[in-house]
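Asks: Please see the structure below; I have some questions.
The values are calculated or read from the model by the stated rules, or taken from the named source; none is laboratory data. Computed from a prediction, not measured in an experiment: that's the story for all the values here. Cβ placement follows ideal geometry from the backbone for every residue including glycine, while neighbour counts extend to all protein chains displayed. The accessibility values were calculated without ligands, DNA or RNA, using every heavy atom of the protein model including side chains. Shrake-Rupley method; radii C 1.70, N 1.55, O 1.52, S 1.80 Å.
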Protein chains: 2
Amino acid sequence: MRNVILAESAGFCFGVKRAVEKSLEIQETYGKKIYTLGPLIHNNDVVNYLKENNIFSIELDDIDSLNEGDIIVIRSHGVPEETIELLNKKNLIVIDATCPFVTNIQKKVRKYSDKGYNIVILGDKSHPEVIGINGWCNNSAITTLNGEFDIEVPKKVCVVSQTTEKESNWKKTISNLSFMTKELLAFNTICSATEVRQKSVLELSKNVDAMIVIGGKNSSNTTKLYQIAKEHCENTIHVENSNDLPKNYIENANFKNIGITAGASTPDWIIEEVMAIMKNGLK
Amino acid sequence: MRNVILAESAGFCFGVKRAVEKSLEIQETYGKKIYTLGPLIHNNDVVNYLKENNIFSIELDDIDSLNEGDIIVIRSHGVPEETIELLNKKNLIVIDATCPFVTNIQKKVRKYSDKGYNIVILGDKSHPEVIGINGWCNNSAITTLNGEFDIEVPKKVCVVSQTTEKESNWKKTISNLSFMTKELLAFNTICSATEVRQKSVLELSKNVDAMIVIGGKNSSNTTKLYQIAKEHCENTIHVENSNDLPKNYIENANFKNIGITAGASTPDWIIEEVMAIMKNGLK
């Protein structure tokens, strides 16, 4: 008999859940087609589900195709200050579903850059959350992907982190900044949901024969979960949903204990499907 | 022929030089016996020289033996806020020779403890400078000797360093605090004179057969110089002055290149004596 164990913390985080629910609620209230600025979350299944509910993704470049009074939702990642100004100027109805933890980072970045601190962001500079945060200090932030810096860092620095970063990267960033700066103000803005999820997967992956990490292929927090799991369990795979499960994986008799985790954008129904197949095989 | 090489940066630092000169100047101006609150610096030879110049050390416990209008100098280490209040209450003339870099730390600790930060000091809690700094946040600071913490650290921390700390200890402190805190304000208050002196001794000690570190046996910054030198040069000794030089050390024919450094409390005349003996032998 096979054990399929779900990590203690997995799946939708607070911010994503809130953005999805808010969009569905707004759509229902207004009873018309509404838009999200970019895919609401990094999960194709959810994006399709939203489409069926009259919620469509639109890119900023195509914003001119909208009409005054159209409803646009800002997703949990948040956006630069100037984007909000632009949407308001176009007289769209802007629903801000930015995760409150991200809003908190944006406010800190605005406050301390105004106070003369140079902003450093630990994170992926091409990730929407980081682009958004950087947009609250006039795009002046220095970004680092892993805590290393190939340019000179100013002496007075305020550093924040993308919410989905690894603790080890944060530690390295602060450690390196400690002797590059004279005044260092560091806000550990790694989301505790991310932390808890990462700690759960670390524990689980040490004690199973195989690990399945579910989440969008372009989801930052899912990729981090995959990296952590892979370090401790060689048979780790990353799938978007149950369709991605390899046959030889489902049927592998050596896998007695199988661990499951999922990124913040993965809805419960996808997790449940994967668990059922790994337990009972394909029907 | 022997080479005796003085480290690029060695001896009296700015703050100590200032305190000694200020005391001599004040004594000369008033033309009477004056007092320093504790030995002005960690060097017996200098303390004796000051005595000859009518400048005497007195401990806080004996302060009642002074009369109104007596002059008392606060040394470069600084003192707690309450000590200054006490001296003023006794109607003594207080001359503050606290090193301006230390005053800066005291002000920061006062400012940010008032703003709700919990203060952490990297340094030796029994060292007068640390006792002084701690006295500017109602003695509420958590101290760490090496960056490790055996108690729970609050989530909002402002951390400063004793001026004579090693960079490696600072890095370790910040690194450990990075994941213990949510908001970390770190002022790297290691004095640049200390840094430069430590870097000089590091370089020098790699390239000599023997190292002599001159300074008071109870001087924190001298002890750090000794530790750094000893790591890279086995034949490292710590002396207070030329009288401490071992005979077999002075006459050792294997010592072709001898490095010299000195702590912040060591006056030039002592350095010169040691260098002369190591170069020319005892007369």
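Asks: Rounded, prolate or oblate: which fits the range B:1-158 when a ≥ b ≥ c are the square roots of the eigenvalues of the alpha-carbon gyration tensor, with rounded for a/c under 1.5 and prolate only if a/b beats b/c?
Replies: The shape class here is oblate.
Asks: Moving on. With the label 7 angstrom out along Cα to Cβ, how close does B:Glu273 come to the same site in each of the other copies, in nm, nearest first?
Replies: 8.6
Asks: Shifting gears a bit: Ignoring ligands, DNA and RNA and using a 1.4 Å probe, state the total buried accessible area between B and A in Å², rounded to the nearest 100.
Replies: 1600 Å²
Asks: Moving to a separate point now. Give me the net charge of B:Ile258's neighbourhood, meaning all other residues with Cβ under 10 Å from the Cβ of B:Ile258; Lys, Arg count +1, Asp, Glu -1.
Replies: Values: positive: B:Arg2, B:Lys256, B:Lys279; negative: B:Asp209.
Local charge sum for B:Ile258: +2.
Asks: Taking only complete DSSP H runs, can you tell me which helices of chain B stretch 27 Å or more along their own long axis by Cα positions and average at least -1.0 on the Kyte-Doolittle scale?
Replies: Working: long enough: none.
Passing helices, by number: none.
Asks: Can you list residues from other chains, or at least 5 along the same chain, whose modelled amide H is less than 5 Å from the amide H of B:Val73?
Replies: Those qualifying (amide H under 5 Å, at least 5 residues apart or on another chain) are B:Tyr35, B:Thr36, B:Leu37, B:Ile95.
Asks: Find every distance from the label point of A:Ile250 to the corresponding label point in the other copies (7 Å from Cα along Cα→Cβ) and write them in nm, one decimal, shortest first.
Replies: Here the equivalent label points are 9.0 nm apart from this one.
Asks: Restricting to bridges with both residues inside the protein assembly as shown, how much of the DSSP beta-bridge set is antiparallel, in percent to the nearest 5?
Replies: Values: 5 of 75 bridges.
That works out to approximately 5 percent antiparallel.
Asks: Remind me, what semi-axes does chain A give for its equivalent ellipsoid, largest first in whole Å, using sqrt of 5 times each Cα gyration tensor eigenvalue? Display every interim value, and only then the final one.
Replies: Numbers: eigenvalues 229, 158, 30 Å².
Whole-Å semi-axes of the equivalent ellipsoid: 34, 28, 12.
Asks: Report in % the part of the accessible area of the range B:101-190 that belongs to carbon and sulfur, leaving out ligands and nucleic acids; probe 1.4 Å.
Replies: After summing per-atom areas, the C and S share lands at 51 percent.
Asks: Is there a simple number for the mean count of other chain Cβ atoms within 10 Å of the Cβ of residues in A:171-178, and what is it?
Replies: Counting other chains' Cβ atoms within 10 Å and averaging over A:171-178 gives 6.
Asks: Stokes-Einstein diffusion coefficient for the protein assembly as shown at 25 °C in a medium of 0.890 mPa s, Rh from the Kirkwood formula over Cα pairs: what value in µm²/s?
Replies: 87 µm²/s
Asks: Compactness ratio of the range A:86-162: Cα Rg over 2.2 N^0.38 Å, N = residue count?
Replies: 1.18
Asks: Among the aspartates and glutamates, which fall within straight-line cross-link reach of B:Lys199, defined as a Cα-Cα distance under 16 Å, with same-chain neighbours fewer than 8 residues apart omitted?
Replies: Result set, ordered by chain and number: B:Glu8, B:Glu165, B:Glu167, B:Glu231.
Asks: Sorted from shortest, what are the nm distances separating the label point of B:Leu86 from equivalent points in the other copies, each placed 7 Å from Cα along Cα to C-beta?
Replies: Going from nearest to farthest copy, the values are 6.4 nm.
Asks: Find the accessible area per residue for the protein assembly as shown; the probe is 1.4 Å, ligands and nucleic acids are left out, and the unit is Å².
Replies: 46 Å²
Asks: When chain A is treated as a GNM, springs tying every alpha-carbon pair under 10 Å, which of A:Ser126, A:Ser265, A:Ser220 comes out with the largest mean-square fluctuation?
Replies: Taking springs between Cα atoms under 10 Å, the residue moving most is A:Ser126.
Asks: Would you please put B:115-122, A:50-57 in order of how densely packed they are, using the mean number of other Cβ atoms within 10 angstrom per residue and starting with the highest?
Replies: Result, highest mean Cβ count within 10 Å first: B:115-122, A:50-57.
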